[in-house]
Structure formats: C-alpha cells, structure tokens
1. Looking at (1) at pLDDT below 95; (2) under 24 Å from S16 (Cα atoms), can you tell me which one A80 breaks?
2. Taking the residues in segment 92-106 that are surrounded by fewer than 20 Cβ atoms within 10 Å (Cβ to Cβ) and out of contact with any helix residue (DSSP H, G or I) (no Cβ under 9 Å at 6 or more places or on another chain) as candidates, determine which candidate is farthest from I123 (Cα to Cα).
3. So, restricting to helices (runs of 4 or more DSSP H) that lie completely within segment 51-126, which ones have at least 3 residues that are of a type in the set (G, A, S)?
4. Looking only at segment 39-63, which residues are surrounded by 13 or more Cβ atoms within 10 Å (Cβ to Cβ) and hydrophobic (A, V, I, L, M, F, W, C)?
Amino acid sequence: MDLTLQKPGEHHFIHSVSGDGIRVVDQVCIGPIIVSATRLITDWSVHRAEDLGSQSLAQILDLEPELVLIGTGERQVFLAPELMMVFYRQNVGVEIMNTPAACRTFNVLVSEGRNVVAALMQIAGS
C-alpha cells in the first residue's frame, strides 16, 4: 500500500508498507523498526506485541518523543496496562494500532512538525 508519492519535507516519511517491508524514504526495511523525523532504527528486536518489555520501550523513549505510535502488525493488539504506564509516567502519549494505520498517522503527524516516534512491527508477507 503506497502512502505518499513524494517527500513532504526534510524528515523521514513512510512511503509504503506491505508484507515485503516498510519503505522509509528510499530504504526498504524488513522486520521491526523505530522511526522518528530524524532517526531510523532498523535493529529493534520486537516482532510481536507480546515481545514488548521495558528494554524495548526504553529504545523508543530514548528518542524523547511527545507521542508514540506502536504498529502491532496486521491487527491491533493492545498492550498490558503496566506497559502503557511506562509511557504515562513519562508524560508521553501512546497510541496502539495496526502497522498500516500507524504508518499513515506517522506521516501526518511528522508533516505537522510533531515530535512523534513510530515503533512498527512487520505485517505478514504477501
């Protein structure tokens, strides 16, 4: 699914998402990633929502976002309340959605200049 046809500014944006990977600008990323306006982390080790823990959340929070989008693959999988509290205790907003929705939302928010980080899990292959 193509999300945008052109680069909307001098920041990362997600061009497409499919079972073949997530294309951030011109780089196709296979597997889970973390992306902000200026950073792309391709070695995030979370492949399923059930794998999330304090260490994997720390990688996200190290980027000091005001809002975090977590894309949980093809379908939305809610986090345990204690994991949600990690964000709330640091006054960071968090939204959980499927990965394609998180990618679309990231593009809108980053184009508005928001300090957003998307942590994205791969969707199933095509």
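The values are calculated or read from the model by the stated rules, or taken from the named source; none is laboratory data. The structure presented is a predicted model; accordingly, all values stated were derived computationally and were not measured. Every residue, glycine as well, gets a Cβ built from its backbone with ideal geometry; the counts of neighbours run over all protein chains shown.
1. With (1) at pLDDT below 95; (2) under 24 Å from S16 (Cα atoms) applied to A80, the lone miss is (2).
2. Here the answer is T105.
3. In segment 51-126, the matching helices (runs of 4 or more DSSP H) lie at 54-61, 99-111.
4. Once the filter is applied, which keeps residues that are surrounded by 13 or more Cβ atoms within 10 Å (Cβ to Cβ) and hydrophobic (A, V, I, L, M, F, W, C), segment 39-63 yields L40, I41, W44, V46, A49, L52, L57, I60, L61, L63.
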